[in-house]
Amino acid sequence: MSVLLLRLAGPLQAWGSAARFARRSTENAPTKSGVLGLLAAAQGRPRQADLSDLAALRFGVRIDQPGSRLRDFHTAHHADSGKAMPLSERFYLADAVFVAGLEGDPHLLHQLYEALLCPRFLPYLGRRSCPPSQPLAMNPPQEVTLEEALRHAEWQASRWYVQQLQHTAGHDATPGPEVLDVLLDCPTGDVPDFSLRDTPVSYDPRHRRYALRGIRTTQATAVCPGTPPAHEPTTGLTPLPFEPPATPPPPRTT
């Protein structure tokens, strides 16, 4: 089995699992249906396409930066009559960062990785108004387990968020390693910690269908990335060859 890791970061994200009618909520972490929909769009699959190969992938997500919940109101008008539609209430996650992982067939994961590098349809983080702010694919699929990949991947939190955590800890306190929440597909036969109906069966807008998915919760210790090298603005400049100054002519005498 191989694992493909995705970095899900953006100003806004919205991952609804029970959004209905005029209230469009969001979960605290990306849903399997939302991430698989992103990958299906990157491959250019039509909404009526078979999703059994994607749904069979084991899914997990690590919460690197939980973000904050934001509420917005949405207005719309009927395309034919022009009448105003009911005012809808929509929720988003602002300034959140997640690492999502998919475990399964190596050939399929390589196809998904290539699709992310050159997507057929524009990828977005749950809703069309939520574009990603960073590349989605972190690296090519690796021969590790899903748990190992999510535990050992570098912490993707923003620099300002890390500085905020350090400031909150105080100058006199010694901050320990950050503990990150991890949500994994529960293995068959095990008792899940909770369940969501977010395994996609069909994205057909006339009859969307989702199956129940058991989720197991665990934690991982943040692996801080190495210190980036100092920026040296003159690195790319080509030095000019050294030329000694010309000898001044001797002074004139009268």
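Quick notes
- Per the Debye calculation on the stretch 94-152 with a single equal scatterer at every Cα and no solvent contribution, log₁₀ I(q)/I(0) for q = 0.30 Å⁻¹ amounts to -1.34.
- One decimal place: the segment H78-S17 gains 19.4 nm when fully extended, by the rule 0.36 nm per residue minus the C-alpha distance.
- Residue (of A76, A220, L165) at the positive-pole extreme of the chain, dipole from beta-carbon charges: A76
- Relative contact order of the chain, taken over Cα pairs closer than 8 Å and 6 or more residues apart, is 27 percent.
- log10 of Debye I(q)/I(0), alpha-carbon scatterers only, for the stretch 1-115 at 0.12, 0.17, 0.20 Å⁻¹: -0.53, -0.92, -1.10
- Taking other residues whose beta carbon is less than 15 angstrom from the beta carbon of L102, and scoring Lys, Arg as +1 and Asp, Glu as -1, yields -4.
- Eigen-decomposition of the gyration tensor built on the alpha-carbon atoms of the stretch 34-75 gives equivalent ellipsoid semi-axes of 26, 18, 8 angstrom, largest listed first.
- Each of the chymotrypsin sites (Phe, Trp or Tyr not before Pro) that DSSP puts in a loop and that has at most 16 other Cβ atoms within 10 Å breaks the chain; the longest unbroken stretch is 122-241.
- Estimated [θ] at 222 nm from DSSP helical runs (n ≥ 4, -39500 (n - 2.57)) normalised by residues in the chain, nearest 500: -5000 deg cm²/dmol
- One chain, two ends: A211 and N28. Fully extended at 0.36 nm per residue, the span grows by 63.9 nm beyond their Cα-Cα distance.
- In this simple spin-label approximation, D105 and L70 carry label points 7 Å from Cα along the Cα→Cβ vector, and these lie 3.9 nm apart.
- Each listed q (0.10 Å⁻¹) maps to a log10 I(q)/I(0) for the chain from the Debye sum over equal C-alpha point scatterers, namely -0.58.
- Rg and Dmax of the stretch 124-198, Cα atoms only, in Å: 17.0, 47
- Of all accessible heavy-atom area on the chain, the percent that carbon and sulfur account for (1.4 Å): 55
- Remark: spin-label model distance Q48-R252 equals 9.7 nm, labels positioned 7 Å along the Cα→Cβ axis.
- Between F121 and Q166, the simple spin-label model (points 7 angstrom out along Cα→Cβ) gives 4.2 nm.
- Global geometry of the stretch 59-195, whether rounded, prolate or oblate, following the gyration tensor of its Cα atoms and the 1.5 cut on a/c: oblate
The values are calculated or read from the model by the stated rules, or taken from the named source; none is laboratory data. Being a predicted model, the structure only gives us computed values, none of them experimental. Positions of Cβ are generated from backbone atoms using ideal geometry, with glycine treated the same way; all protein chains shown enter the neighbour counts. Calculation scope for accessible area: heavy atoms of the full protein, side chains included, ligands and nucleic acids excluded. Shrake-Rupley method; radii C 1.70, N 1.55, O 1.52, S 1.80 Å.
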